[in-house]
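Derivation of every value follows stated rules applied to the coordinates shown; laboratory data play no part. Since the model is a prediction, treat every value here as computed from it, not as a measurement. Glycine gets a Cβ as well: all are built from the backbone with ideal geometry, and neighbour counts include every protein chain shown.
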Amino acid sequence: MKNKIIENFKTLFYALLIALFIRSFFFQPFYIPSSSMEETLLIGDRLFVSKFSYGYSKHSLPFSPNISNSRIFYSSPIRGDVIVFKTPEDNDTDYIKRLIGLPGDKIQMINGLLHINNKPIKKEFIKNDFVLCGGNKIKTNFYLETLPNGKSYTAVYAEKNSFKDSDSYTVPQDKFFFMGDNRDCSQDSRYLTSVGYVDKINLVGKAQILFFSNNEQIGNFFTIWNWHKSIRFNRILKLIK
C-alpha cells in the first residue's frame with residue numbers, strides 16, 4: 001500500500017513537472033476576460049500562446065522570478081502580431097493587444113486614422129455593428145486596417161465619442177507600442193501612465209490558436225444544458241491573425 005502511494009505521488013509529481021515545462025517553454029493557455037480585442041478575440045475565448053516565439057525572459061516562468069533582466073534566444077516580434085505581455089505598471093498583469101509600433105516608430109491617431117511614421121495606414125469600411133464595452137453594447141463601425149507590412153485585421157471604432165486624435169508617440173529603443181482592436185474600449189499604449197511603451201523583457205508570447213470559446217452571456221462550462229447555444233463551435237481551433 002505504501003509503495004503504491006509513493007508511485008502515485010511520483011506519477012503526479014512528474015506530470016506536474018512536464019506540464020510546468022510545457023507551460024514555461026512551449027505553450028501556455030490564456031482566457032480572454034474583456035472586449036478590448038473584439039472582434040479578433042471575444043470574451044470567453046481560450047487560446048494558446050507560444051512562449052518560444054520571441055525568446056525567453058523571467059516572465060516566461062510562473063510568477064516571473066527576478067532571476068535576470070535579459071532575454072535569451074530573442075527574436076523580434078512582427079508588426080501586427082497579437083501578443084500577451086506583462087503591463088509595465090506592475091510587471092505582473094497579463095494584457096493581450098496587437099503590436100502596432102516598433103522601436104523608433106512614430107505613432108499617432110489623426111481624425112480617426114492611424115498614422116505610422118507620418119503615413120496613414122489603409123482603412124476600409126466593412127460594416128456597422130454592436131460590440132461590448134464595459135458590459136454595455138455600443139454601436140460601432142468595423143474597418144479592415146492594413147499595416148505597412150501588409151498585415152490586415154478588423155478594427156472597431158465607436159460611432160460616438162470615438163478616440164479620433166491622439167498625441168504623437170515615439171517608441172523608445174527596445175520597447176513596443178500596442179493597441180487593442182476595439183479601439184474605444186482598450187487600455188493600451190496610448191495611455192502612458194497605465195500601460196505606455198512595453199519593454200521587450202515584458203513580452204510573454206504570441207497568441208496562436210483558439211482552443212475553446214464560450215459565450216458567457218448564455219452559459220458557462222457547468223451549464224451543460226446550454227452548451228449547444230453557448231459554445232462557439234465556429235471559433236474552436238481558429239488561428240489568430
Potential extension, residue 64-residue 91 segment - 0.36 nm per residue separation minus Cα distance
8.9 nm
Once the in-chain neighbours fewer than 8 apart are removed, the lysines whose Cα is under 21 Å from residue 175 read 51, 58, 86, 97, 106, 119, 151, 200, 206
Taking Cα atoms of segment 114-192, Rg/Rh with Kirkwood Rh, to two decimals?
0.97
What residue among 147, 41, 16 shows peak mean-square fluctuation when the chain is described by a Gaussian network model with Cα springs under 10 Å?
16
With Cα coordinates, the longest principal axis of the chain makes an angle with the long axis of helix 2-25, in degrees rounded to 10, of 20
Based only on other Cβ atoms within 10 Å, what is the fewest-to-most ordering of 109, 179?
109, 179
What is the magnitude of the charge dipole of the chain about its Cα centre, with +1 placed on the Cβ of each Lys and Arg, -1 on the Cβ of each Asp and Glu, and no other charges, expressed in debye to the nearest 20?
640
With r defined as the distance between the Cβ atoms of residue 241 and residue 125 and R0 fixed at 22 Å, what FRET efficiency is calculated, to the nearest 0.05?
0.70
Which longest uninterrupted range of the chain lacks any chymotrypsin sites (Phe, Trp or Tyr not before Pro) assigned by DSSP to a loop state (not H, G, I, E or B) and surrounded by at most 15 other Cβ atoms within 10 Å?
75-162
Fewest-first ranking of 67, 240, 209, 100, using other Cβ atoms within 10 Å as the exposure measure
67, 209, 240, 100
The chain - Rg and Dmax from Cα coordinates, angstrom:
19.8, 73
Can you list the residues, at least 5 places off or on another chain, whose amide H is less than 5 Å from the amide H of residue 182, using H built in the peptide plane?
37, 38, 156
Please get the size of the charge dipole for segment 154-241, origin at its Cα centre, with Cβ charges of +1 on Lys and Arg and -1 on Asp and Glu, quoted in debye to the nearest 20.
420
What lysines does residue 229 reach when the alpha-carbon gap must be under 23 Å and sequence neighbours fewer than 8 apart in one chain are set aside?
137, 238
Trypsin sites (Lys or Arg not before Pro) within segment 125-195: which are DSSP loop residues with at most 16 other Cβ atoms inside 10 Å?
151, 160, 164
Using the count of nearby Cβ atoms within 10 Å as a rough guide to exposure, how do 133, 185 rank from fewest to most?
133, 185
